[in-house]
Amino acid sequence: MGELIGLLKVTVVQGKRLAVRDFKSSDPYVIVKLGNQTAKTKVIYSCLNPVWNEELTFSLTNPAGVLNMEVFDKDRFKADDKMGRAHVNLQPIVSAARLSKILQVSSGETTLRKVIPDGENCLVRESSISCIDGEVVQVAWLRLSEVESGEIELKIKLVDSSNPTSAPHGTEELMLANRNSESGKK
């Protein structure tokens, strides 16, 4: 395991136009993975445009790697159906966090970087990485692959574990994130 960068707080905000996997709807949930750490949202029943607004916390180490997501339809009597997958390269947010430290950005809102959709990512549209009152945040809409339709909105926040003002409970949350990675669940 590499050097600890900080905490990655991933808010799974919502889904749009998800695929139908039951009779007329689906019961979607999202599994998010970073390395050997895994976390899952709650199930939203009978909904193709779910709103989760759930924050999942991971410990982030160098090299940053990729955040992977899979969307599933919860089924009661058989295996859950796949509803697509997506990924986000975390290197841009890590680079932006380094830049914010160098520039000593601590108040207001400053756009640090823009990431454009290409063949290497799942972005639906351009995604901005900003420093908002000292916190580095990326909002991204991701297109689900291996499925006929669907998009997921994420808000990704990188909390510097060495900055006590940005993470008042940083040590406790970091221990929890490390414990989650060992147990494989949130």
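The values are calculated or read from the model by the stated rules, or taken from the named source; none is laboratory data. No experiment lies behind these values; they were computed from the predicted model shown. Quick reminder, even Gly has a Cβ in these numbers, built from the backbone with ideal geometry, and neighbours come from all protein chains shown.
Couple of notes before you dig in:
- Test for Leu56: is it touching a Leu at 6+ places or on another chain (Cβ under 6 Å) and modelled with pLDDT of 95 or more: no
- Residue that is modelled with the highest pLDDT [pool: residues in the stretch 4-31 that are assigned to a loop (DSSP other than H, G, I, E, B) and of a type in the set (Lys, Arg)]: Arg17
- Index of the failed condition, Phe77 passing every other in (1) in contact with a Lys or Arg (Cβ under 9 Å, 6 or more places away or on another chain); (2) part of a loop (DSSP other than H, G, I, E, B); (3) of a type outside the set (Val, Ile, Thr): (1)
- Once the stretch 28-68 is narrowed to residues that are touching a residue at least 60 places away in the same chain (Cβ under 8 Å) and within 12 Å of Thr11 (Cα to Cα), the residue that is surrounded by the fewest Cβ atoms within 10 Å (Cβ to Cβ) is Lys40.
Matching residues to (1) over 20 Å from Ser127 (Cα atoms); (2) among the aliphatic types (A, V, I, L, M); (3) touching a helix residue (DSSP H, G or I) at 6+ places or on another chain (Cβ under 7 Å):
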residue	(1), (2), (3)
Val12	no, yes, no
Gln37	yes, no, yes
Leu48	yes, yes, no
Glu55	no, no, no
Phe77	yes, no, no
Gly84	yes, no, no
His87	no, no, no
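- Some residue of the stretch 55-70 being farther than 25 Å from Asp118 by Cα, assigned to a strand (DSSP E or B) and of a type in the set (Asp, Glu): yes
- When the stretch 139-151 is filtered for residues that are at negative phi and either crowded, with 23+ Cβ neighbours inside 10 Å or over 15 Å from the mean Cα position of the chain (by Cα) (or both), the ones remaining, listed by number, are Ala140, Leu142, Leu144, Ser145, Val147, Glu148, Ser149.
- A Cβ distance below 9 Å, combined with a sequence gap of six or more or placement on separate chains, defines the contacts here; from the stretch 97-118, residues that are in a loop (DSSP other than H, G, I, E, B) reach residues that are of a type in the set (S, T, N, Q) and surrounded by 10 or more Cβ atoms within 10 Å (Cβ to Cβ) in the pairs Ser106/Ser100; Ile116/Ser127; Pro117/Ser127.
- Condition check for Asn49: assigned to a loop (DSSP other than H, G, I, E, B) and closer than 24 Å to Ser128 by Cα: yes
- Across the stretch 14-27, the number of residues qualifying as crowded, with 18+ Cβ neighbours inside 10 Å and among the β-branched types (Val, Ile, Thr) comes to 0.
- Taken together, the residues in the stretch 38-48 that are of a type in the set (S, T, N, Q) and closer than 22 Å to His87 by Cβ amount to 2.
- Residue within the stretch 31-48 that is under 16 Å from Leu142 (Cα atoms) and more than 14 Å from the chain's Cα centre (by Cα) present: yes
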